[in-house]
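Report on the structure given below.
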Amino acid sequence: MDLKIENRQLRQRLKELTQKAQENQATLGRFHARELELLSAETLPELFSSMTEGLKASFEIESLQLLLHDPNHEIRHLLYKNGLDENAFPLLDFVDDMVKVNPRFQRLRSPWLGPFLSPEYDTLFSDTLGLKSIAILPLIRQNRLIGSINLGSSEENRFSRQLATDFLARLATICTVCLENSVNREHILISGLTDPLTGLHNRRYLDRRLNEELARAGRYRHPLSCLFIDADHFKGINDNHGHQAGDAVLRELANRIRSRLRASDIATRFGGEEFALLLPQTCLDEALMLAERIRLEVNSQPIALDDGSSLRLSVSIGVSEARPLVSKTQQKADGEQLLVNADQALYQAKANGRNRIEFHLQDGVARNESTSGEG
């Protein structure tokens, strides 16, 4: 072979290898940036954002879907505790059985790349328009499939079976570890912000969320209301039936309150037999209607006790509303005043005969005439 031709071929080969090395270095840098973003997520919602919209933007692909195996609704419950529901992340789906979504998950333990075939892979994406190639990244923890990240591209060769999957496998591992750590962290956090008797949030959680909701109400000019609920004659329950019966009554009361709440409402055990509710985007009239529904629910039927007896329970409720525009510098004082107003209205409900609702206006306390006391 001519020496010039051989040199030319060698130079071309060297150029190709150099270009490939540069591409690999750039790819490694992008993956490293993705990993840092995932590892820096401080909350479960932040992690979900990074694993969905964040990865989709980083990969510059047309479609991405995150599937998480959640048969006991454990992860969804953690989202609810953060004031979010399962629809908060459009690119995230919770499934009860991964194999029913797609049979490939029966044995899939490493990334799979290949052409998009319809309808075989339709269930892996919410948007399949124009997809030509896909990558399925199984999330494996302790040899157990806990979900998958599904990437879809309109380019036929973007995810082909000839491509190496080392980077994708590492990314899936990082996502899996981050997910497990974030779930565990949320469990620990919630355990410190939850009342162990009723399962509702505690006073500490109320204080934390109050500032957040006041800031949001001020930013978007939304109303924010508060309910204080107190079990009537609760001391008599403890005295006549014992504290164990009193605990059972509080648990049932919490359940009846919870049954009337919306996903956005924040219910807490304020202390003793008193409960405090924050109602975002809720004006005074709407808060009064919710209070009446809770009062009627508590009155609806007797509470069965462990000794075979039963008793009827009623509640008194105080309602207040924050000012439509909340000054940031006065936020702490405004939050305290919102609670004080609801507490004063509750006190008035007790004084006026119990089993009733009172509300607080800027110029004082007024009676909600639609309810009647115990007389």
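Take the Cα pairs of the chain, get the Kirkwood Rh, then feed it into Stokes-Einstein at 4 °C and 1.567 mPa s and tell me D in µm²/s.
This corresponds to a translational diffusion coefficient of 53 µm²/s.
Report, in whole Å, the centroid distance computed from the Cα atoms of region 104-144 and region 211-259.
So the two Cα centres are separated by 46 Å.
Need the full-extension length gain, Val177 to Leu361, defined as separation in residues times 0.36 nm minus the C-alpha distance. One decimal, nm.
Working it through step by step, the gained length comes to 61.2 nm.
Kindly flag which residue pairs out of Lys81/Lys350; Lys56/Lys100; Lys81/Lys235; Lys56/Lys132 have an alpha-carbon separation exceeding 27 Å in this structure.
Exceeds cut-off: Lys81/Lys350; Lys81/Lys235.
Provide the descending list of Cα extents for region 203-367 along its principal axes, expressed in whole angstroms.
Each principal axis gives a Cα extent; for region 203-367 these are 53, 29, 22 Å.
Stokes-Einstein at 20 °C, 1.002 mPa s, Kirkwood radius from Cα pairs: D for region 3-191 in µm² s⁻¹?
120
Averaging sequence separations of C-alpha pairs under 8 Å and six or more residues apart, then dividing by the length of region 291-358, give the relative contact order as a whole percent.
36
Please compute the contact order of region 3-191 in relative form: average sequence separation of alpha-carbon pairs under 8 Å and at least six residues apart, divided by the residue count, as a percent.
23
Out of Ser148, Ser160, Ser309, any idea which swings most in a Gaussian network model of the chain, alpha carbons joined below 10 Å?
Ser309
All other residues with a Cβ under 11 Å from the Cβ of Asp127 taken together, and with Lys, Arg as +1 and Asp, Glu as -1, what is their net charge?
Counting the neighbours of Asp127, the net charge comes to -1.
Taking θ = phi - 60°, what integer Hz values does the Karplus form 6.51 cos²θ - 1.76 cosθ + 1.60 yield along region 177-192, in sequence order, with x for Gly and Pro?
Along region 177-192, the couplings run 5, 4, 5, 4, 5, 5, 4, 5, 5, 5, 4, 5, 4, 5, 4, x Hz.
Within the chain, what's the longest stretch lacking trypsin sites (Lys or Arg not before Pro) that sit in DSSP loops with no more than 13 other Cβ atoms inside 10 Å?
Counting at most 13 other Cβ atoms within 10 Å as exposed, the longest clean stretch of the chain is 1-106.
For a quick size check, give me the Cα extents of region 288-361 along its three principal axes, largest first, whole Å.
For region 288-361, the Cα spread along each principal axis is 54, 25, 19 Å.
Throughout, read-outs are computed from the coordinates displayed, never taken from laboratory work. The shown structure was predicted, so the numbers you read here are calculated from the model rather than taken from an experiment. Every residue, glycine as well, gets a Cβ built from its backbone with ideal geometry; the counts of neighbours run over all protein chains shown.
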